[in-house]
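The values are calculated or read from the model by the stated rules, or taken from the named source; none is laboratory data. Predicted model only: the values in this text are computed from it and were never measured. Here the Cβ positions follow ideal geometry from the backbone for every residue, glycine too, while neighbour counts run over all protein chains shown.
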Amino acid sequence: MTRTTLRHALLLATAATGASLGYVNTADAASPAVLQLAAGVGGPKQQNGGAGNEQADVTIIEKGGKQYAVTVFMSSDVEKGNWQCKCTSAVMDPVLGPIVVADQKQLTNNGGNRPCNHPRIASDGGELAVWGYGTNETNGNTRSYVQGINEMCELTTDRVRITENNNQNEGAIDIAYMEGGAKGWFTAGYLSTANNNIDAVYAVGVLGETDGTTTTVSKKWHTKVVAPSNVGRPAIVEAGPDRAFFSAAKGNDRPPPEGVECALLNSVTGEVLHKQVIAKSDPANNVYFNQPTIAKIGTNLFAVQVLESNGLGKKNNTKGSNTSHLYAFKVTETLFSQEAHIKNVGKYPTHSAICGSSYGETGDLAVAVVGASPTGLGQPSMQLVKWNVAAFKVDDQADNWTMGFYGDSGLIANLYGANPNTQGRDFLRCKGSVKNPGFGVQNGYMPEVETFILAPHSGNIPGEPKNAQFLSFVPGKVAKAVVPDAPKEQPKYGAPPNTDPQNPGTDTPDPQPDPDQPSDPSDPDINVSAPRAAACSVPSGSSSNGSLAFLALGIGALLAARRRK
């Protein structure tokens, strides 16, 4: 038994002991399910060798009464180029949970030293989905494109260029579907930069149409929103019928000397209805605001997270300090009114991001703050922040979820990117309020979880050279109160529900291990394709006898490991 395996055994044993001795409340324990999408391999361990997997984004596509979690990501496990973009789709089965149906399908085969960067994906919640990315294959400057995609990771249209200046690097796109208004409209955004006086952040209107057989995607409008901007990677969410809420860093330097600006747009015409700086930098006192991410938490109410730095790590690998700020703004066409502000939410502020989701027994909208260590050490986490009338409410025990086994928001991307030891990072994302088809289903998958928060992330598995890709399913809205428990592995081809101890005849057979899935390289005794019963559902209750038995197993594992040494 390796040190890693032993650590897992003791972690689970400790959790079980705490439950049996009353160290947690009487609510049932719930575990995020972690689905591995790709192994941590691909490319040389050198500059431009690629991080293995990084910069993932996820959306939901529904077709034929089935729901698919479709994830796009950068992968350096390719034959052409430093890396390309890939896609994995998992159908959300009501009994077995997520089942991979399209596995690491390569979407691009581009040239250049940035063949496919910053992939993003969005859908209308039905069959219409659009993904986008940037590439510098044409003339060495990055251009950004959008393209139709379906539930099986198949491209449904030719790519459409949304950028316009051949002499600028135009990438770092974001894209969001505009719900509730005119049908088929997406708002995209990108950064246009060449370290000159025309650097800016643009918004683009994208119209998608599909009849279930034929899909079209077209660019309809193009608007400059934030200027000047040297590092303004945009963030976009729907803001009501035919409205988009847009945010990016402002200022013609890195870190941004002006701060973070937000804008309200007409998503059909591209008109900027109102914009204002919501977090103002103060260079004279080494205060810089950057890296906004946004989430909708109510009607005309939005959460905006920005990261404050002191600028001392400017253009080097000795990073300055980072403090996260979470704001709430009431948004109108004449004013963005600050309603609340808190600091230092979440375990890993550096490179963290937010999304909105239904959460808890009431299903009220909350803010999910996702983060992973920039050094690659420690497990990724998700802190849920509740909104209570006019204030944020943070409980870093009851609402903090360890959402995966391994997390890295910077180390491997820095080492094997374009600028080793200078620049390089991952970009975390999440998607909330995703329906669980197993909710309320007898013997269903996590039947007491009504919605999930999906959180793609990468991390380095011991024994692998680079970062693997994962997708976590974190409980959102639930039928009754739960407390966060350790994450569980979700087998690639589904996990059957737990046997009901009062009715053992209701259990279903275990799925067969995938012969192509390798064993855990850090422990030859463990095959990661083997199904874990604990990964299947939220327990209906806890048993002291069962917990103590689990503790005995953990202690036995420890003693056995010592004897083997």
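Worth a mention:
- Subset of the range 178-192 (residues that are crowded, with 24+ Cβ neighbours inside 10 Å and part of a strand (DSSP E or B)): Phe186, Thr187, Ala188, Gly189, Tyr190, Leu191, Ser192
- Number of the exception - Ala353 against (1) surrounded by 21 or more Cβ atoms within 10 Å (Cβ to Cβ); (2) touching a Pro at 6+ places or on another chain (Cβ under 9 Å); (3) not acidic (Asp, Glu): (2)
- Condition met for Ala235 (touching a His at 6+ places or on another chain (Cβ under 6 Å), crowded, with 23+ Cβ neighbours inside 10 Å and more than 21 Å from Lys63 (Cα to Cα)): no
- Residues (within 20 Å of the chain's Cα centre (by Cα) and farther than 23 Å from Ile453 by Cβ) located in the range 50-82: Gly50, Ala51, Gly52, Ser75, Ser76
- Hits in the range 111-126 - residues which are within 15 Å of the chain's Cα centre (by Cα) and within 14 Å of Ala51 (Cα to Cα): His118
- Pro241 passes every criterion in (1) outside any strand (DSSP E or B); (2) free of Cβ contacts under 8 Å to residues at least 60 places away in the same chain; (3) not polar (S, T, N, Q) apart from (2).
- Taking strands (runs of 3 or more DSSP E) as the structural unit, those lying wholly within the range 73-158 and holding at least 2 residues that are free of Cβ contacts under 8 Å to residues at least 60 places away in the same chain correspond to 84-93, 97-106, 129-135, 143-148.
- From the options Val217, Val268, Val225, residue that is farther than 25 Å from Ser357 by Cα, of a type in the set (Val, Ile, Thr) and surrounded by fewer than 22 Cβ atoms within 10 Å (Cβ to Cβ): Val268
- Screening the candidates Ala455, Ala468 for the property of being within 16 Å of Tyr68 (Cα to Cα) and among the small types (Gly, Ala, Ser) yields one hit, Ala455.
- Strands (runs of 3 or more DSSP E) contained in the range 245-330 and holding at least 2 residues among the basic types (Lys, Arg): 272-280
- Residue tally, condition crowded, with 24+ Cβ neighbours inside 10 Å and outside any strand (DSSP E or B), over the range 357-385: 2
Residue-by-condition table, conditions (1) buried (at least 22 other Cβ atoms within 10 Å of the Cβ); (2) under 18 Å from Thr332 (Cα atoms):
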| position | (1), (2) |
| --- | --- |
| Ala244 | yes, yes |
| Gly251 | yes, no |
| Leu273 | no, yes |
| Gln276 | no, yes |
| Asp282 | no, no |
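- Test result for Lys280, within 25 Å of Ser192 (Cβ to Cβ), of a type outside the set (Phe, Trp, Tyr) and without any contact (Cβ under 8 Å) to a residue 40 or more places away in the chain: yes
- The conditions of being at pLDDT below 95 and under 15 Å from Ser75 (Cβ atoms) are not met by Asn53.
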